Amino acid sequence: MKKLVYAIAFILLWNACKLNSSDNKALPIFGNKEAVTKTVNGKQVTDTLYQTIPAFKFVNQYGDTITDKSLDGKIYVADFFFTTCPNICPVMHRNMLPVYNEFKSHADFRIISHTIDPKYDTVPVLKKYADKMGISGNTWWLLHGQKNDTYTIAKSYLVSLQEKNPQGQYVHDGYFILIDKQKRIRGTYQGTDAKEVEKMTADIKTLMAEPDQKSTK
Amino acid sequence: MKIKLIGIICVVLAAFVISCQSDEQVEFNRYFSAGSAVYQANCQNCHGAKGEGLQGLIPSLTDSVYLKSNKYQLACFVKNGLKGQIKISGKQFEGEMPPNDLSPVEIAQVLTYVTNSFGNKSATITIDQANADLAKCN
């Protein structure tokens, strides 16, 4: 009898530990933080405000207007590229394809790729690129916008872009930025490194399982 | 005694054959391994580690028939770039490969690597061959 009690206690403990370890799995939150103190029910409480992606307005490869509202309730990955990029972009998008294929059936997941060469990468050029890449539907948007707007939004993703260098090439870093449903930065990954992108895929699954990221259905 | 002599002659002959082969083999190996490094640095980002290309954007380097029938143009493609419609492995492509300022020996090396990797098989493309091909670029 005593043995049985011990056994049950052990099993319960074991399960509790196991549950805990998966519950605690959460991604960090990046960007600037700000502590705000407010009064709730006469008591002072301090909250942490995290940096979020500000409002924006771009056009996708179908000519549809895409704003920050279009990404409400979505987990998404953002990157910066241009269709004639000879060096890192083919690698980034070769690595992005498995991510697209893995999550394209999730209604609350998106990929957005901003072109940094809006003069050449017009909406029809972006559509053609999407067709050649074999991407369709609304999971992966290629976004066209004013150069200033793109460069400004890049800063809020902590990505650095530079004007054309003397060789006529744009310099930009190949990061994939993971954004949660509260528009906070939850991960940055080197998009040219297949290993890091695999980690991103695992992190997206972790993020999707966080309580405040669950599907809103 | 006679058998011993024949035996020795055979061994000497065999040694000749092997050393001749390995001369060629050594040259091939040198081109191939240098070419592998040139490929990683200059081509792999677009054409992929396995020569698989990228969807409908960048053709694969696995179409042995195409590579064989354009054998003497490959050096010019690499040096001057390539644009316009081409059909690779039954798929239509219309992209643009930028020119690449590799030296003739690097071009010979990378082409030896490409035409002997990803399921392709062919002979060494030597520096002399590459120079001869490059002289005929238009």
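The values are calculated or read from the model by the stated rules, or taken from the named source; none is laboratory data. Just so you know, these numbers come straight off a predicted model, no measurement behind them. Using ideal geometry, Cβ is built from the backbone for each residue, glycine included, and neighbour counts are taken over all protein chains shown. Note: areas computed on protein heavy atoms with side chains; ligands, DNA, RNA excluded. Shrake-Rupley method; radii C 1.70, N 1.55, O 1.52, S 1.80 Å.
Things worth noting here:
- Peptide ranges A:56-68, B:47-59, A:36-48 listed from the most packed, as the mean C-beta count within 10 angstrom indicates: B:47-59, A:56-68, A:36-48
- Cα gyration tensor, segment A:53-212 - rounded (a/c under 1.5), prolate or oblate: rounded
- Residues in segment A:31-72 that a label on residue A:148 would reach, taking backbone N under 20 Å of a point 7 Å out along Cα→Cβ: A:54-59, A:66-68
- The phi-based Karplus calculation (6.51 cos²θ - 1.76 cosθ + 1.60; θ = phi - 60°) puts the 3J(HN,Hα) values of segment B:115-126 at 7, 10, 10, 6, x, 8, 9, 6, 8, 4, 9, 7 Hz, whole numbers, x for Gly and Pro.
- Exercise: per-residue mean of other protein chain Cβ atoms within 10 Å, B:56-67: 2
- Set of aspartates and glutamates near residue B:71 by C-alpha distance (under 13 Å), chain-local residues within fewer than 8 positions excluded: B:63, B:133
- Principal-axis analysis of the Cα atoms of chain B puts helix B:104-114 at an angle of about 90° to the longest axis.
- Residue pairs, from the table A:74/A:104; A:127/B:50; A:57/A:183, whose Cα atoms sit over 19 Å apart: A:127/B:50
- Fraction of beta bridges assigned by DSSP in the protein assembly as shown that are antiparallel (%, nearest 5): 75
- Relative to the dominant Cα principal axis of chain B, helix B:2-42 is inclined by about 20°.
- Eligible aspartates and glutamates near residue A:25 by straight Cα distance, threshold 18 Å, same-chain separation 8 or greater: A:180, A:198, A:203, A:210, A:212
- Burial of accessible area (probe 1.4 Å, heavy atoms of protein chains only) in segment B:92-106, relative to its chain alone, reaches at least 10 Å² for B:94, B:98.
- Where A meets B: accessible area buried, both sides, 1.4 Å probe, Å²: 1000
- Cβ-Cβ distance of residue A:29 and residue B:103, R₀ of 41 Å, FRET efficiency by 1/(1 + (r/R0)^6): the value works out to about 0.25.
- Summing charges over neighbours of residue A:190, with a neighbour being any other residue whose Cβ is under 15 Å away from its Cβ, gives -3 when K and R count +1 and D and E count -1.
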